[in-house]
Amino acid sequence: MSDPLVTVKQGTLRGVEIQSVLGRPFIAFRGIPYAAPPVGDLRFRDPQPAEPWIGIRDATEEGSKCAQESYLAKELIVGGDDCLYLNVATTSLTESRPVMFLLHGGAFTLGDGGFALFSPDYLMESSNIVFVSINYRLGILGFLNLDDEVAPGNMGLKDQVAALQWVKENISRFGGDPNNVTIFGGSAGAASVHYLLLSPLAKGLFHKGIVESGVVLNPWANIEETVSHARRLVSMLGRDLTDPKEIVEFLRTVPHSELVIAQQKMLTDGVRMKDKNFLRYHFLPTIDNKSIRPLVHTDSFEEFVNQGIDVPVIIGYASHEGIYLLRGMNEEEYAKLDGDLESMVPKDLARKSPSKVKEIARAIRNYYFGDEKITADLVDNFVQFSGDYYFVRGIQKVVDVQMKKKSPMYLYRFSYSSDSSLYKSIFGLQNTKGVTHAAEIEYLFHATVFEEHIKTDLDSIETLMRRRFVRMWTDFAKTGNPTPIVDDLITVEWKPVNGSAKNYLDIGAELVAGKNLDEDMLTAWKRIEAIADDNQ
């Protein structure tokens, strides 16, 4: 099929046949507009319907990224406002196959759904699914919240909802089943999945979810201070404005590149421990109750999460999430942490009991570092602390909520540490032990931009891990059960958590089923949380 054509609601598309790295051809349609370009007066507004076109639209190349700092060449601004495009990959335009809908990570500030990082070669090999990936607005352009309906926040998350609506209306033309859609993603993509799993705006647009190392409750996945950050950025751009309408009108005149530069400068102007490398960004998902159509419809994130999830879900994390946070750490940064651990008290505990912040900080220090001064000698302790703080604690809270619900949740820990880890290589952290944040991605996707790092030996354990991930993830997309068949590849049954047992699967060199994952750490955090609860 050298010149595949598909007609969707907006018009006809021409795709392209691609030879996968594994030798199997698949059909790709890229750069498909799923919403109107959010330019001019549409900047900061909810996504609007895509316009139809006349004739055949070329869909062989990807659309523009959403405006961001390049993750490959820092200080270089890439993308723009006109960026609401998606990509579809399929092995056939007939039948009705399960759909896997990817949301990319990048701290809601970076990233895109392009094939450079997310080429679906492995998923296309033999899995019989249709794959969709999207771009959504990032940073201030996607998450400006002025506590006013002119800019109520969460535009980037609403872009995701608009893309799911497009899938519902059009995916059958690509051989996909609109009634069997699984949303999945890692890091901020996982937190995005979690937001959509809970939001009434997305209800009915998907049927299952896969959440890899990120949830709403993680400290980098939401923010409460909104207006002050916007005013600070406006001030950096030379204006002193407080009226929301004036702020929006002014920001619509500023080139997207200047907005990205300003939001990056806000990070580097702060204290590191409270800002950039410790994942405290300024434009993130918020409670958007001033919106006509709020995505987060509750008064608090805890209330939002405590609703629970009503579709089958896979959720999990890597064994050493905190390796990711070692980037840029040096003796000076360890000393900052040692001198200001109070700044790392989780905001939910600090808000509940501000008078107990010092005591809570002491309890955290005692569990992770004992009586030792925090230095580079305690790198393993730091990795455990930062991983638990930024990822595991929030994920486990979500699991606890779901243990009381009827919909199945499958919990995992990824523990196979590869000597050729792509993400350790990218971050220059090859010599650290354990599995870092986002490590699942290289087993699900062929990252063409990092081809030289990828191990392709068919007899390697990396290939075995890839086959296992693809099989479990796609079986879940098809059936709602990640291990419907136990055989030589998938050697154990993966049981969901339930009211009496926190079952999980350890995905290492072998697959091992277990119960009560990281129980010691969770018990320690319950003691720490009890300090805040005892607010007498």
(request) Could you tell me whether any residue of the range 484-499 is within 22 Å of Phe391 (Cα to Cα), of a type in the set (Asp, Glu) and surrounded by 13 or more Cβ atoms within 10 Å (Cβ to Cβ)? (result) no
(message) Which residue is farthest from the chain's Cα centre (by Cα), if the candidates are limited to the range 87-127 and must be polar (S, T, N, Q) and over 28 Å from Ile77 (Cβ atoms)?
(response) Thr94
(request) Name, by its number, the condition in (1) outside any helix (DSSP H, G or I); (2) touching a helix residue (DSSP H, G or I) at 6+ places or on another chain (Cβ under 8 Å); (3) among the acidic types (Asp, Glu) that does not hold for Asp371. (result) (2)
(message) Just checking, does the range 29-52 include any residue being under 21 Å from His446 (Cβ atoms) and polar (S, T, N, Q)?
(response) no
(request) Give the residues of the range 66-78 that are within 17 Å of Glu258 (Cβ to Cβ), in a loop (DSSP other than H, G, I, E, B) and either of a type in the set (A, V, I, L, M, F, W, C) or modelled with pLDDT of 95 or more (or both), sorted by residue number. (result) Ala67, Leu76
(message) Of the conditions (1) of a type in the set (Asp, Glu); (2) more than 26 Å from the chain's Cα centre (by Cα); (3) crowded, with 16+ Cβ neighbours inside 10 Å, Asp58 satisfies every one except a single condition; which number is it?
(response) (3)
(request) Kindly provide the set of residues from the range 11-65 that are in contact (Cβ under 8 Å) with a residue 60 or more places away in the chain, of a type in the set (A, V, I, L, M, F, W, C) and in a loop (DSSP other than H, G, I, E, B), ordered by number. (result) Val21, Leu22, Ala35, Phe44, Ala50
(message) Which condition from (1) under 30 Å from Phe469 (Cβ atoms); (2) modelled with pLDDT of 95 or more; (3) assigned to a helix (DSSP H, G or I) is the one that Lys245 breaks?
(response) (1)
(request) Just name the residue that is modelled with the lowest pLDDT out of those in the range 271-316 that are β-branched (Val, Ile, Thr) and farther than 20 Å from Glu212 by Cα. (result) Val271
(request) All but one of (1) of a type in the set (Ser, Thr, Tyr); (2) within 21 Å of Asp81 (Cα to Cα); (3) in a helix (DSSP H, G or I) hold for Ser228, so report the exception by its number. (result) (2)
(request) Report the residue count in the range 458-504 for those that are among the polar types (S, T, N, Q), more than 15 Å from Ser126 (Cα to Cα) and assigned to a helix (DSSP H, G or I). (result) 1
(request) Run down Gly238, Gly189, Gly209, Gly214 and say which single residue is of a type outside the set (Lys, Arg) and without any contact (Cβ under 8 Å) to a residue 40 or more places away in the chain. (result) Gly238
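The values are calculated or read from the model by the stated rules, or taken from the named source; none is laboratory data. Quantities reported herein were computed from a predicted structural model and do not represent experimental measurements. Please note: Cβ atoms are built from the backbone with ideal geometry, for glycine as well, and neighbour counts cover all protein chains shown.
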